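Working notes, beginning with the structure itself.
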Amino acid sequence: FLHGAPPLVFVLGGPGSGKGTQCRKIVEEFHFDSICVGELLRREAHGGDDPVLRRYIEEVLQRGEIVPTAITMRLLHKACTEHVGTHRGILVDGFPRAIEQAEAFEREAGAGCAFALYFECSEQVLMGRLLARGQTSQRADDNMETIRMRLRTFYTTSMPVIERYQQQGKLVRLNAERDVEQVYEEVRRELLRRGF
Ligand code: UP5
């Protein structure tokens, strides 16, 4: 379903590593489009047509686990189709989070990513940022218990995805512990180097 679409960039990193923040900056400067898969799921949990599915997604998010691939792929497929326009690239923020999802995407979309940005950050920094945001955010998963589970899911299930792109020579590793502008400078350099 990506036929004719601009290059696709997967945006990976632990919860709170700054994926969303950096995506917004890339969109602003590079005329990329951005699809946040977590946001698609939160939207479905709050406003989707099927009340059983709504409740189910809400519970999975609350446990910090990964929503089954078939559900996510359906939402992502729809979003990608709607977003294929005049953009220079598409950022897929927070996906894939499991090897199985990476494989399903390649199979169904007919292509993988051009490359993947990986925002690398220690567990302590991730935890600190999410707890700080939790004081003001509306996100139901920004509480200590869910944050712990999100981190566990990241290290056990999502890390192999990062290793997969590393092995394929597609991983762009970025030190995400520095301040927002410093991280973005490096992102920018990497995009410019790739001709964007
Ligand atoms: N901040 C950002 N950058 C900073 C910096 N350099 N220095 C200091 N502070 C910085 O940032 C997080 C916080 O840190 C903010 O307060 C920010 O100001 C500050 P943000 O840019 O939001 O980081 P991000 O990595 O996007 O964090 P987020 O919490 O959104 O990441 P998650 O990966 O947890 O969230 P996502 O929305 O992708 O997924 C949510 C859930 O959806 C998952 O837990 C999972 O249950 C589910 N999901 C699936 O099941 N399947 C999928 O395919 C995708 C999601």
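Annotations
- Near pairs, Cβ below 7 angstrom, 6+ apart or cross-chain, from segment 159-173 (in contact (Cβ under 8 Å) with a residue 24 or more places away in the chain) to any residue that is of a type outside the set (D, E) and surrounded by fewer than 16 Cβ atoms within 10 Å (Cβ to Cβ): P160/I99; V161/I99; R164/I99
- Hits in segment 156-196 (condition: crowded, with 16+ Cβ neighbours inside 10 Å, of a type in the set (G, A, S) and not in a helix (DSSP H, G or I)): A176
- Checklist (1) more than 13 Å from the ligand (Cβ to nearest atom); (2) free of Cβ contacts under 8 Å to residues at least 24 places away in the same chain applied to F196, failing item: (2)
- Positions within segment 1-29 being near the ligand (Cβ under 8 Å from one of its atoms) and either aromatic (F, W, Y) or at positive phi (or both), in sequence order: G13, G16, G18
- Restricting A102, A114, A109, A45 to those that are crowded, with 16+ Cβ neighbours inside 10 Å, within 18 Å of A5 (Cβ to Cβ) and modelled with pLDDT of 95 or more reduces the list to A102.
- Residue in segment 67-90 that is part of a loop (DSSP other than H, G, I, E, B) and within 13 Å of the chain's Cα centre (by Cα) present: no
- Among the residues of segment 132-162, the ones that are in contact with a helix residue (DSSP H, G or I) (Cβ under 7 Å, 6 or more places away or on another chain) and within 13 Å of the ligand (Cβ to nearest atom) come to 8 in all.
- For segment 96-140, a tally of residues being over 21 Å from S34 (Cβ atoms), within 17 Å of the chain's Cα centre (by Cα) and not hydrophobic (A, V, I, L, M, F, W, C) returns 2.
- Residue match in segment 91-104 (condition: assigned to a helix (DSSP H, G or I) and charged (D, E, K, R)): yes
The values are calculated or read from the model by the stated rules, or taken from the named source; none is laboratory data. Quantities reported herein were computed from a predicted structural model and do not represent experimental measurements. As a convention, Cβ positions derive from the backbone with ideal geometry for all residues, glycine included, and neighbour counts pool all protein chains shown.
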